[in-house]
Amino acid sequence: MRPSFRVVLEGVRIAYTALLANKLRTLLTLLGNIVGIMSVIAVVSLLGGIDLYMRNEVAAEGSNLFSIQRVNFLEAIEDFETFIDKVMYNPDLTRDDADALRESLELAKYVSARAESGGVNVSALGKSVEVTIAGCDAVYPYISDIPLAGGRHLTEIDDRENAQVALLGWDVYAGLIAPRDAEGMTVRIGNRHFRVVGVAAQRGRILGQSRDRFVIVPLGAYRKVFGPQQTVEIRIVADDIRLLEDAMEEATVAMRIRHGLGPRDENDFAVTSSEQLINLWKSISRGVMTALVALVGVSMLVGGIVLMNTMVVSVTERTREVGLRKAVGAPQGAIMWQFLVESATLSVFGGIAGMALGFAIAAIVSAVSVLPYVVNAALVGIAFAVTVAVGLVFGTYPALRAARLDPVEALRSE
Amino acid sequence: MLSTLMLIHMRGIAKRYQMGSHVVNALDGVDLDVERNEYVALMGPSGSGKTTFMNIIGCLDSPTEGTYILNGENVTEMPDDTLAHVRNKEIGFVFQTFNLLPRASAFQNVELPLIYAGLDASTRRERANASLEAVGLADRARHKPNELSGGQRQRVAIARALVNSPSIILADEPTGNLDSKSGAEIMALFDQLHGRGHTLIVVTHDEAVAAHARREIRLRDGRVEVDRRRTPTPITKEV
């Protein structure tokens, strides 16, 4: 007898009744499934959220952007000793490097020098906020997308004259000056006063971090506050996204020449792109996924064995029922399917509970932390399929045992 | 051929069990012919082989030796699933302990053989209801076994035995778990079924139950000791 809809439905009904009849046993039976599916759903939802964030971030930055930095902090993860060497011995990058690259690079559209310090106090009107100060040349508006709420960006003239002017991030304006007009106001950074020329529009928070707590000042003015020994980061926008690799190669060669490196010398600077960040993230998330698959595999295996045990008990308890069903004409296949459907249903109940818990955990983690999460529909399908498979695989032995019972013996059992 | 006219035609049926080093002959060469619409009481002391014989008649078990032709079909050496099909079609079982599915309603219990017969839902509903009606329980269709009295449970079991219009109704101590009043009702129902043309084989050690039958077969030590026709002597009242 093939598993007609009726047989499947009957199995689901029996499983449901059994589930309610012995709640504790059901819970213990399904613990493996619940924990397995719960962890995979929670972790993958959060990973998916971070993934989405990364993509959005790269899209906002523009993916034809790359940087030349003194050291690549991502390298610290791969080889810490080499990284420390580089931190100690790599020469500073200067504004002159940026200017030279702007002159010589053919595949670059924009070249911008930038220095940055975090956790700096900015004050005005007796109030004070802690922000990130960036010293930029006049090219930055072409590289970073910073729409204005009012006023203007820093200009070529500001840059050339090392004018003490500032563009405020929205939070800085809101914290220090609002509701007054920013026009004609000054803010104090260190012991210097900067005239506010513009306020950036609100950009909101990402991963819990405000993207509005910044002040941009001309690079020269920045140096007056923080000293001239600061290295800069050189940000370069390639002319054509398809030539990003070539543009990075061109910039690398140009920097090697400027630093007088021989053919055998390693780069004493780092060329990084958001692509690398993405790749790093991908390898991290792949690692997490691999570990997760192993963890879930073990948990589903344990869950499957417990499920098998429970089904064996269930078959034993219902030996007489099996005998009766055989007496009234059930072939082996029908008995087999009855118990297979039952164990698959039980398993799926565990999977559903695990999914609910997993999404709940992801939502809670997301609510109390800065991590976003996404609901992955394919994942729900996979979790469903996996639990059905576990139910069928581990239900086979008990189902076969039931199907092969001798009707005379079975009817005689108590 | 005579055998094809018979509902049950058995020749030289033997069943042997290996018990350690020696062989036990539960049945030792039994012949049996049963015609349509007979009402047989199968009796015998415990150890006489009557349970084994009943299991073989009901196609739950196969004989070690001999030939069994049931309703024209040789069922002696059929594989399990084919025997299941034969049981579904030819045999209606009534057990001492009713053997109803506890979580299923009376209707669902009666419907069970029809599911394994592969019938569609509307046919099943029609036949199961007709069968419940035949045992006077049409109004109890939705009740679970634990909501029914012992006599009612056995009537549900009889409705289940009847539902596939089997050739034989095979009852094993059908009144064994019932009080005498309910037992009398069940025997009266059996009399009615016989009157409507059903073939009944009742395994019992109760003379009062056997008294309803038109033929008495007594087994002893795996052989037929007595096989005689008789006029029924109803001890119980009709209901």
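Taking amide hydrogens as placed 1.01 Å from N in the peptide plane, the amide H of B:A171 sits under 5 Å from those of B:V94, B:I201, B:V202, B:V203, each at least 5 positions away in sequence or on another chain.
Neighbouring Cβ atoms within 10 Å as the yardstick, rank A:L125, A:L168, A:L405 fewest first. Don't skip to the answer; put the middle values down first.
On the way: A:L125 11, A:L168 31, A:L405 20.
Lowest to highest Cβ neighbour count: A:L125, A:L405, A:L168.
Could you list B:D81, B:D179 in order of exposure, starting from the residue whose Cβ has the fewest other Cβ atoms within 10 Å? Intermediate values should be presented prior to the final figure.
Working: B:D81 15, B:D179 11.
With the sparsest Cβ surroundings first, the list reads B:D179, B:D81.
Reducing the stretch B:192-219 and the stretch A:213-269 to their Cα centroids gives an inter-centroid distance of 105 Å. For chain A, the longest principal axis of the C-alpha atoms and the axis of helix A:80-89 are separated by about 10°. With θ taken as phi - 60° and the Karplus curve 6.51 cos²θ - 1.76 cosθ + 1.60 applied, the whole-hertz 3J(HN,Hα) list for the stretch B:176-186 is x, 9, 10, 5, 5, 5, 5, x, 5, 5, 5 Hz, x standing for glycine and proline. In this structure, A:R180 and A:A367 have a Cβ-Cβ separation that, at R0 = 35 Å, corresponds to a calculated FRET efficiency of about 0.50.
In this structure, the pairs whose alpha-carbon distance is over 27 Å, taken from A:K23/B:K144; A:K326/B:K144; B:K144/B:K181; A:K326/B:K15; A:K23/A:K326, are A:K23/A:K326.
Global dimensions of the stretch A:51-173 from alpha-carbon coordinates: Rg and Dmax equal 17.1, 49 Å. The reciprocal of the average 1/r between distinct C-alpha atoms defines the Kirkwood hydrodynamic radius, which for the protein assembly as shown equals 32.4 Å.
As an exercise, use a Förster radius of 30 Å and the Cβ-Cβ distance of A:H193 and A:T252 to find the FRET efficiency, rounded to the nearest 0.05. The formula returns an efficiency of 0.15 here. Per-residue Cβ neighbour counts within 10 Å put A:I146, A:I77 in the sequence A:I77, A:I146, beginning with the fewest. For the stretch A:296-414, list log₁₀ I(q)/I(0) at each q in 0.16, 0.19, 0.20, 0.21 Å⁻¹, using the Debye formula over Cα point scatterers of equal strength and ignoring solvent, two decimals each. For the stretch A:296-414 at q = 0.16, 0.19, 0.20, 0.21 Å⁻¹, log10 I(q)/I(0) is -0.76, -0.94, -0.99, -1.05. Peptides B:101-113, A:36-48, ordered by how many other C-beta atoms sit within 10 Å of their residues on average, highest first, read A:36-48, B:101-113.
Averaging over all projection directions, the Cα-based convex hull of the stretch A:228-384 occupies 18.5 nm² in the image plane.
Spin-label model, A:L301 to A:T396: label points 7 Å out along the Cα-to-beta-carbon direction sit 1.7 nm apart. Pairs of alpha carbons in the stretch A:321-388 separated by more than 16 Å make up 61% of all such pairs.
Taking every Cα-Cα distance in the stretch B:1-131 and sorting them into 10 Å bins starting at zero, the pair-distance distribution P(r) comes out as 11, 34, 33, 18, 4, 0 percent. Using only the Cα atoms of the stretch A:10-80, each taken as one equal point scatterer with no solvent, compute I(q) by the Debye sum, divide by I(0), and report log10 of the ratio at q = 0.11, 0.20, 0.23 Å⁻¹. For the stretch A:10-80 at q = 0.11, 0.20, 0.23 Å⁻¹, log10 I(q)/I(0) is -0.60, -1.00, -1.05. The mean number of partner chain beta-carbon atoms within 10 angstrom of a residue's beta-carbon across peptide A:254-262 is 0.
I need the per residue convex hull volume for the stretch A:91-268, using only the alpha carbons, in cubic angstrom as a whole number.
Numbers: hull volume 23.8 nm³, N = 178.
Taking the convex hull of the Cα positions in the stretch A:91-268, it is 133 Å³ per residue.
Spatially, the stretch A:270-326 and the stretch A:333-348 are offset by 20 Å when compared through their Cα centroids.
Multiplying the residue separation of A:Y16 and A:S117 by 0.36 nm and removing their Cα-Cα distance gives an extension gain of 30.2 nm.
Coordinate range of the alpha-carbon atoms in the stretch B:2-229 per principal axis, descending: 51, 39, 38 Å. Within 10 Å of the Cβ of each residue in A:327-340, the mean number of Cβ atoms contributed by other protein chains is 6.
Which order do the peptides B:132-141, B:35-44, A:214-223 take when ranked by the mean count of other beta-carbon atoms within 10 Å per residue, highest first?
Numbers: B:132-141: 18.3, B:35-44: 20.4, A:214-223: 23.4.
Ranking the peptides B:132-141, B:35-44, A:214-223 by packing returns A:214-223, B:35-44, B:132-141.
FRET efficiency for the A:S128 to A:A149 pair, using the beta carbon distance and R₀ = 35 Å, is estimated at 0.95.
Using only alpha carbon positions, build the gyration tensor of the stretch B:110-177, then give the equivalent ellipsoid semi-axes as the square roots of 5 times its eigenvalues, largest first, whole angstrom.
On the way: eigenvalues 77, 47, 18 Å².
Its equivalent ellipsoid spans semi-axes of 20, 15, 9 Å.
For the stretch A:91-268, relative contact order (Cα pairs under 8 Å, six or more residues apart, normalised by length) works out to 32 percent.
Bear in mind that the values in this text are calculations on the coordinates, not laboratory data. This is a predicted model, so every value here is computed, not measured. FYI the Cβ positions are ideal-geometry reconstructions off the backbone, even for glycines, and counts take in every protein chain you see.
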